[in-house]
Amino acid sequence: MSPFDPTREDRFTFGLWTVGNPGADPFGARVRPTMPPPYIVQKLAECGAYGVNLHDDDLVPFGASAAERDRIVREFQRALADHGMQVPMATTNLFSHPVFKDGAFTANDPKVRAFALQKTMRAMDLGAELGAKIYVFWGGREGVEADACRDPRTAWQRMRDAIDFLCGYCRDNGYGMKFALEAKPNEPRGDIYLPTTGHMLHFISTLQHQEMVGVNPEVAHEVMAGLSFAHNVAEAMACGKLFHIDLNGQKIGRYDQDLRFGSEDQKGAFLLVRLLEGTLGGEPYRGPLHFDAHAYRSEDEDGVWEFARGCMRTYKILKHKAQAFDADPEVREILAEQRDDTIDPLLVGGYSEAKATALRALDLDVDALARRGLRYERLDQLLVEHLLGVRG
Ligand code: GCO
Ligand code: MN
Ligand code: MN
């Protein structure tokens, strides 16, 4: 076994909709047949994944009878037990059905908003039955093309009302779930409300039960917005709000690509894994590592499992490289913490009059500070050499 082969301890998960993606796009039909969910569970287990996540409709087709639903859920649970797989996360499909064409929680028609809550409560019941402790909210249709259709403040208030209500529903039923809000700037809508993880973090601070709500950032979504994914994730981690993560690959400035993790921007992926694994010394992320991506349209089923193994393998290779980078003596020397016992205490813990007086009195050689080279060229070259495999 290669050290980069995934094991259950790695906590890798895939959505039913990811490896199950049949390869349709706006310009062409599907290229792969549908795989039954119990079969996906078996194949993912064979690939070394820890768990599988789902939207309500991925497992139970929209409009299925109660008896049909129960039969499907029983078969799925049997497959999970047979293959030792978990369902750490569940979510609601509030975007595929035409009823959601004006949004779900933010739609102008209260009947649509009521249906969105009905569907989410049922989907949360399903998630709870399958043992999910993380519930994701991705508002794919919560946006606009004709922006004159509502005051955006009304949309934000409707979103708040919905999440407050569903937090209450979760608590009332003792489901013990945490909510993870997933931002995306566009696609399928022209503009989606709450477009980045930073927006979500502030939105959470306005909620009734903010302690149970965090974020689910996705590589592609922040890259589509032109942002540094690692910085967004870092902010969420610093706030104690990184409840889940969607890993994939994306070229900047393109349509939503959902590529295999690490297949684009290996430097960004390296810095992300370094952050999540805490190889620089910070607290690591301990939640599931979910791949929200799909195989190229060129692939048959074998290519799908190749894609799944590739996501996990690349994560583990990057983890290995991050450990080697942060253990590299030259890197450590460049990054060695600079300490100044006179100055450091003045810079932390907020303002006091005494600190202000001490700061004013400091005699700082600004020209000398400005002249000093920081050796970041060398640092970055070391990173590149680790990545390219000639060091470490
Ligand atoms: C997308 C999103 C979705 C969500 C999923 C879970 O761009 O389509 O990333 O895949 O993550 O619906 O909520
Ligand atoms: Mn996405
Ligand atoms: Mn996603």
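The values are calculated or read from the model by the stated rules, or taken from the named source; none is laboratory data. Not measured: the values here are computed from a predicted model. Heads up, the Cβs are rebuilt from the backbone with ideal geometry, glycines too, and the neighbour counts pull from every protein chain shown.
Residues in the stretch 59-106 that are without any contact (Cβ under 8 Å) to a residue 12 or more places away in the chain and either among the hydrophobic types (A, V, I, L, M, F, W, C) or not assigned by TED's automatic domain parsing to the domain that holds P288 (or both): A64, A66, A67, A81.
If you go through the stretch 6-58 and keep only what is part of a helix (DSSP H, G or I), touching a helix residue (DSSP H, G or I) at 6+ places or on another chain (Cβ under 7 Å) and without any contact (Cβ under 8 Å) to a residue 40 or more places away in the chain, you end up with just I40.
The set of residues in the stretch 241-285 that are in a loop (DSSP other than H, G, I, E, B), away from ligand 1 (no atom under 16 Å from the Cβ) and touching a residue at least 40 places away in the same chain (Cβ under 8 Å) comprises K241, G262, S263, D265, T279, L280, G281, G282, E283, Y285. So I334 passes all but one of these: (1) within 18 Å of D246 (Cβ to Cβ); (2) without any contact (Cβ under 8 Å) to a residue 60 or more places away in the chain. Which condition number does it fail? The one condition I334 does not meet is (1). Contact map, the stretch 194-218: first residue under 25 Å from S228 (Cβ atoms) and in contact (Cβ under 8 Å) with a residue 40 or more places away in the chain, second residue among the β-branched types (V, I, T) and more than 15 Å from ligand 3 (Cβ to nearest atom), Cβ cut-off under 9 Å, separation 6 or more or different chains; pairs are F203/I163; F203/V213; V213/I163; V213/I204. Select from the stretch 155-190 the residues that are surrounded by fewer than 13 Cβ atoms within 10 Å (Cβ to Cβ) and either touching a residue at least 12 places away in the same chain (Cβ under 8 Å) or part of a loop (DSSP other than H, G, I, E, B) (or both) and list them in ascending order. Answer for the stretch 155-190, where residues must be surrounded by fewer than 13 Cβ atoms within 10 Å (Cβ to Cβ) and either touching a residue at least 12 places away in the same chain (Cβ under 8 Å) or part of a loop (DSSP other than H, G, I, E, B) (or both): G168, G174, G176, G190. Filter the stretch 59-72 for residues that are part of a helix (DSSP H, G or I) and touching a helix residue (DSSP H, G or I) at 6+ places or on another chain (Cβ under 9 Å); which is farthest from V41 (Cα to Cα)? Step by step, filter the stretch 59-72, then rank; the result is R69.
The requirement of being surrounded by fewer than 19 Cβ atoms within 10 Å (Cβ to Cβ), away from ligand 1 (no atom under 15 Å from the Cβ) and within 24 Å of L126 (Cβ to Cβ) is fulfilled somewhere in the stretch 196-207, by at least one residue. Residues in the stretch 332-370 that are within 41 Å of the chain's Cα centre (by Cα), part of a helix (DSSP H, G or I) and of a type outside the set (G, A, S): R332, E333, I334, L335, D344, P345, L346, L347, K355, L369.
State whether one or more residues within the stretch 50-62 are aromatic (F, W, Y), under 27 Å from Q257 (Cβ atoms) and surrounded by 13 or more Cβ atoms within 10 Å (Cβ to Cβ). Yes, the conditions are met somewhere in the stretch 50-62.
Give the residue that is farthest from ligand 3 (Cβ to nearest atom), with candidates limited to residues of the stretch 167-223 that are at positive phi and within 19 Å of the chain's Cα centre (by Cα). Among those that are at positive phi and within 19 Å of the chain's Cα centre (by Cα), it is L194. In the condition set (1) under 24 Å from L387 (Cβ atoms); (2) in the same structural domain as L181 (by TED's automatic domain parsing); (3) surrounded by 12 or more Cβ atoms within 10 Å (Cβ to Cβ); (4) without any contact (Cβ under 8 Å) to a residue 60 or more places away in the chain, A236 is compliant with all but (1). When G287, G350, G303, G282 are checked against the criterion of being away from ligand 3 (no atom under 16 Å from the Cβ), in the same structural domain as Q86 (by TED's automatic domain parsing) and either farther than 21 Å from T34 by Cα or touching a strand residue (DSSP E or B) at 6+ places or on another chain (Cβ under 8 Å) (or both), G282 stands alone in meeting it. So which residues in the stretch 126-154 are over 20 Å from K101 (Cβ atoms) and either part of a helix (DSSP H, G or I) or within 16 Å of ligand 1 (Cβ to nearest atom) (or both), if there are any at all? Listed by number, the residues that qualify are L126, G127, A128, E129, L130, A132, K133, I134, Y135, V136, R153.
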